[in-house]
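Enquirer: This is the structure I want to talk about, given as structure tokens.
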Amino acid sequence: MPTLAIVGAGPGLGVAVARRFGREGYAVALISRDQSKLDGLVQGLVDEGITARGFAADVLEPAQLADALEAAAKELGPITVLQYSPLPFRSFLRPVLETPPELALEALQFSLFGLMHAVGAVLPDMRAAGDGSIVLINGGTSVKARADFAGTSIAFPAESAYGEMLHDALADDGIRVVQLVIPGGIPKLNLPNGIDDVAEKIWVLHSARGPFREMLIPLEEGRE
């Protein structure tokens, strides 16, 4: 059974993507910091007939994240798709003049270094299989900086650069690396089917080869 791991899984997009992939026969590993919340999400998916497990880990703690992904692979099978989509802390959305170096470093650890550790955990199995997908989910500051959202304006572009390099480096290994940019809160984007449209887009990005970056909607139509 192919396995999807969602780092930063929550009750919105995380569950919607889990359902979309679950309909295609994927097992789902949900990863976030709160095990009790994960247990509730998992139970809902299991009640719908989807094979799902929850693994608690903090993306700021590399050993926790690696252990969670390793446990998911052992319990469900090698990770076929990695979605990296942890929700940035509110503290990362401060004005640039109120953002000290320590906060910028934490934002980089959250968005870039966390992704690098996650990729390191799943990439050996993907390369051995000659197949896999790594999906980055980012806000609009990944392509257009905002002085009032300094943390993500620093960290998301670094994450994007790393992802784009992976896209180029892993293409011949059969591994897709893609980024979906969502420039604004999903409920405010007026999508016909709401969050399910985003989950469908992620499924399509995984299923077909294409460019590294896709915009969910044009940047000028959204915010962050």
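The numbers here are math on the coordinates, done by the rules we state, and not lab data. Small disclaimer: the values here were computed from a predicted structure and weren't measured. Note that we place each Cβ from the backbone using ideal geometry, even for glycine, and neighbour counts take in every protein chain shown.
Enquirer: When DSSP beta bridges are limited to those with both residues in the chain, what percentage is antiparallel, rounded to the nearest 5? Before the final figure, lay out the partial values.
Expert: Numbers: 0 of 30 bridges.
The antiparallel proportion sits near 0 percent.
Enquirer: Suppose R0 equals 35 Å. What FRET efficiency, 1/(1 + (r/R0)^6) with r the Cβ-Cβ distance, do ALA145 and ASP67 give to the nearest 0.05?
Expert: Working: r = 34 Å, r/R0 = 0.98.
Calculated value: 0.55.
Enquirer: Turning to a different aspect of this structure: Below 25 Å Cα-Cα, how many Lys pairs turn up in segment 3-221? Only count pairs eight or more apart in sequence, or on different chains, if you could.
Expert: Count of close lysine pairs: 5.
Enquirer: Tell me the relative contact order for segment 3-221 as a rounded percent, counting alpha carbon contacts under 8 Å between residues six or more apart.
Expert: Values: 400 pairs, mean separation 42.8, N = 219.
Relative contact order for segment 3-221 comes out at 20 percent.
Enquirer: While we're on this one: Run the dipole for segment 1-59 about the Cα centre, Lys and Arg Cβ at +1, Asp and Glu Cβ at -1, nothing else charged, and hand back the magnitude in debye, nearest 20. Don't skip to the answer; put the middle values down first.
Expert: Details: 6 positive and 6 negative charges, 24 e Å.
It works out to roughly 120 debye.
Enquirer: How big is the dipole moment of the chain about its Cα centre under a simple scheme where the beta carbon of each Lys and Arg is +1, that of each Asp and Glu is -1, and everything else is neutral? Debye, nearest 20, please. Don't skip to the end; give the middle numbers.
Expert: Details: 18 positive and 28 negative charges, 65 e Å.
The dipole of the chain has a size of about 320 debye.
Enquirer: Name the residue farthest towards the positive end of the dipole of segment 69-224 from the options ILE137, GLY120, PHE212, assuming +1 on Cβ of Lys and Arg, -1 on Cβ of Asp and Glu, about the Cα centre.
Expert: Farthest towards the positive pole: ILE137.
Enquirer: Of the options ILE202, ILE186, LEU93, report the single residue whose Cα projects farthest towards the positive end of the charge dipole of segment 3-221 (beta-carbon charges: Lys, Arg +1; Asp, Glu -1).
Expert: In segment 3-221, that residue is ILE186.
Enquirer: Right, something else. Using a/c under 1.5 as the rounded threshold, could you call the chain rounded, prolate or oblate? The axes a ≥ b ≥ c are square roots of the C-alpha gyration tensor eigenvalues, and prolate needs a/b larger than b/c, oblate otherwise. Before the final figure, lay out each step's value.
Expert: Working: a/c = 1.37, a/b = 1.33, b/c = 1.03.
Judged from the Cα gyration tensor, the chain comes out rounded (a/c under 1.5).
Enquirer: Normalised by the number of residues in segment 1-68, what is the relative contact order in percent for Cα pairs under 8 Å and 6+ residues apart?
Expert: Details: 112 pairs, mean separation 20.1, N = 68.
So the answer I get is 30 percent.
Enquirer: Pull out the extension gain between GLU200 and GLU75, defined as 0.36 nm times the separation in residues minus the alpha carbon to alpha carbon distance; nm, one decimal. Write out the running numbers ahead of the final one.
Expert: Details: separation 125, 0.36 × 125 = 45.00 nm, distance 2.61 nm.
Extra length available between GLU200 and GLU75 comes to 42.4 nm.
Enquirer: So, one more: Just how large is the dipole of segment 1-133 about the Cα centre, in debye to the nearest 20, putting +1 at every Lys and Arg Cβ and -1 at every Asp and Glu Cβ? Could the numbers behind the result be given before it?
Expert: Values: 10 positive and 15 negative charges, 63 e Å.
Rounded to the nearest 20 debye, it is 300 debye.
Enquirer: May I ask you to derive the FRET efficiency for ALA171 and LEU87 from their Cβ-Cβ distance with R0 = 35 Å, giving the value to the nearest 0.05? The partial results should precede the final answer.
Expert: Numbers: r = 29 Å, r/R0 = 0.83.
That gives a FRET efficiency of 0.75.
Enquirer: Please give the helix 114-129 orientation as an angle from the longest Cα principal axis of the chain, in degrees from 0 to 90, rounded to the nearest 10.
Expert: 40
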